[in-house]
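What follows is calculated from the coordinates using simple rules that are stated; it is not laboratory data. The shown structure was predicted, so the numbers you read here are calculated from the model rather than taken from an experiment. Every residue, glycine as well, gets a Cβ built from its backbone with ideal geometry; the counts of neighbours run over all protein chains shown.
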Amino acid sequence: MHQYYDFQFVLTFDLEEIKNMLIEAFRVEQEKKAWDLYQINYSRMDKDNFVPFDKFYNPGGTESDKTEDEILTEVRDMLVNFNFVRKEGDK
């Protein structure tokens, strides 16, 4: 649903169709946001850490084999790389 469209048009559909349109609009908006984030990450990728967009953006999600500590360590490393936090021991 785009803010410039006349909402009266939507009211001609039944509730199931409206629900499906809203779900699809939300999915498309989320994918656009993910693409914007991917472009930022892409500028920092090289041949060793390249991730294609379809792996970066997986709307179905996947279960990870990683432990909670491994995931938290990866997140901390990302925050350090983006200069959001300092490494432990740095002043």
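Phi angles of the stretch 18-32 translate, via the Karplus equation with coefficients 6.51, -1.76, 1.60 and θ = phi - 60°, into HN-Hα couplings of 4, 4, 5, 5, 5, 4, 5, 4, 5, 4, 5, 5, 5, 5, 4 Hz per residue; Gly and Pro are given as x. Measuring from label point to label point, each 7 Å out along Cα→Cβ, what is the E31 to F82 span in nm? In this crude label model, E31 to F82 measures out at 2.3 nm.
Using 0.36 nm per residue and subtracting the Cα-Cα separation, the extra length available between T67 and F7 on full extension is 16.9 nm.
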